[in-house]
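The values are calculated or read from the model by the stated rules, or taken from the named source; none is laboratory data. Since we're looking at a predicted model, the values are computed, not measured. Using ideal geometry, Cβ is built from the backbone for each residue, glycine included, and neighbour counts are taken over all protein chains shown. When the accessible area is computed, the model is the full protein with side chains, heavy atoms only, and any ligands, DNA or RNA have been set aside. Shrake-Rupley method; radii C 1.70, N 1.55, O 1.52, S 1.80 Å.
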Amino acid sequence: NLQDILELDGYEVELAGSIVESLKNREWSKFFAIVLDRQLPDGRAEDLLPRLRERAPEAAVIIVTGHADLEGAVAAVRLGAADYILKPIDPEFLRSRLGRLAEHRRIRAELHLAQEKMLSSERLAAIGEMMAGLAHESRNALQRSQACLEMLALEVQDRPAALNLVARIQKAQDRLHFL
């Protein structure tokens, strides 16, 4: 019945009737949610849950049970279950839980994307600050050497070859200043 309800809502459903069957080669990364009966023919959800958390850490695990005991619910949540639902399952209740889980997943994805953008912006800002500091210090050094070249030009006014070298150095410095 759950399969029919979920497929009508557009979910792709895979069924497994036991722990062994559920652990067979599956593409775990594709699972959004895992609805797991607390009592399976070959074990309990508490036995399977740690292995599911390893294989599908992004998937929300919902435990369904006919046993309304607080210890079981607490144990399931401690082991990583996202929800604990009592049987008989109300389809609208299950839909609302899956919708809430989908919304949480969407918000986490948006938050992750926003954090990545913020990190990228911080890196670019740091690069910009470094480049501004480098440009400032380079200009200071160029201006000091320009002043020294002007003084040197005054000292070698009577030597055209030396003045030519000074002019070429000044031209190269102007190019560096431009860059």
Worksheet entry | Inverse of mean 1/r across different Cα pairs in the range 32-127, Kirkwood, Å | 15.2 Å
Worksheet item: Which number do you get for Rg(Cα) / (2.2 N^0.38 Å) in the range 49-101?
Response: 1.14
Fill in: With every protein chain in place, the chain: carbon and sulfur % of accessible area (1.4 Å)
58 percent
Response to the item:
Bounding extents of the range 80-179 in its principal axis frame from Cα atoms, largest first in Å, are 106, 16, 15
Worksheet item: Of L149, I19, N1, whose Cα points farthest to the positive end of the dipole of the chain (charges on the beta-carbon: +1 Lys, Arg; -1 Asp, Glu; origin at the Cα centre)?
Response: L149
Item to complete: Among the lysines, select those whose C-alpha is under 17 Å from the C-alpha of K171, and discard any that sit fewer than 8 residues away in the same chain.
Response: none
Item to complete: Divide the volume of the convex hull of the Cα atoms of the range 126-179 by its number of residues and quote the answer in cubic angstrom per residue.
Response: 49 Å³
Item to complete: Could you state how much accessible area M131 has, in square angstrom rounded to the nearest 10, with a 1.4 Å probe and all protein chains kept in place?
Response: 100 Å²
Response to the item:
Straight-line reach check, K24, cutoff 20 Å on alpha carbons, 8 or more apart in-chain or any other chain, hits among aspartates and glutamates -> E12, E14, D37, D42, E46, D47, E54, E58
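So if I place +1 on the C-beta of Lys and Arg and -1 on the C-beta of Asp and Glu, and nothing else carries charge, what would the dipole magnitude of the chain be about its Cα centre? I want it in debye, nearest 20. Could you put the intermediate results ahead of the total?
On the way: 24 positive and 28 negative charges, 167 e Å.
Roughly 800 debye, rounded to the nearest 20.
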Fill in: In the range 28-81, GluC sites (Glu not before Pro) in a DSSP loop with at most 16 other beta-carbon atoms within 10 Å
E58
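Within the range 1-53, report the trypsin sites (Lys or Arg not before Pro) that DSSP leaves as loop and that have at most 11 other Cβ atoms within 10 Å. Before the final figure, lay out the partial values.
Numbers: sites: K24, R26, K30, R38, R44, R51, R53; in loops: K24, R26, R38.
Those that pass, being in a loop and sparsely packed, are K24.
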Worksheet item: Counting other Cβ atoms within 10 Å of each Cβ, which chymotrypsin sites (Phe, Trp or Tyr not before Pro) in the range 32-119 have at most 16 and sit in a DSSP loop?
Response: F32
Fill in: Equivalent ellipsoid dimensions for the chain as semi-axes, Å, which come from the Cα gyration tensor, largest first
74, 15, 14
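For the range 1-79, what number results from the quotient of the Cα radius of gyration and 2.2 N^0.38 Å? If you can, show how the numbers build up before the last one.
Values: Rg = 12.5 Å, N = 79, 2.2 N^0.38 = 11.6 Å.
Here the answer is 1.08, to two decimals.
In the chain, what percentage of the DSSP-assigned beta bridges are antiparallel, given to the nearest 5? Don't skip to the answer; put the middle values down first.
On the way: 2 of 11 bridges.
Expressed as a percentage, antiparallel bridges in the chain total about 20.
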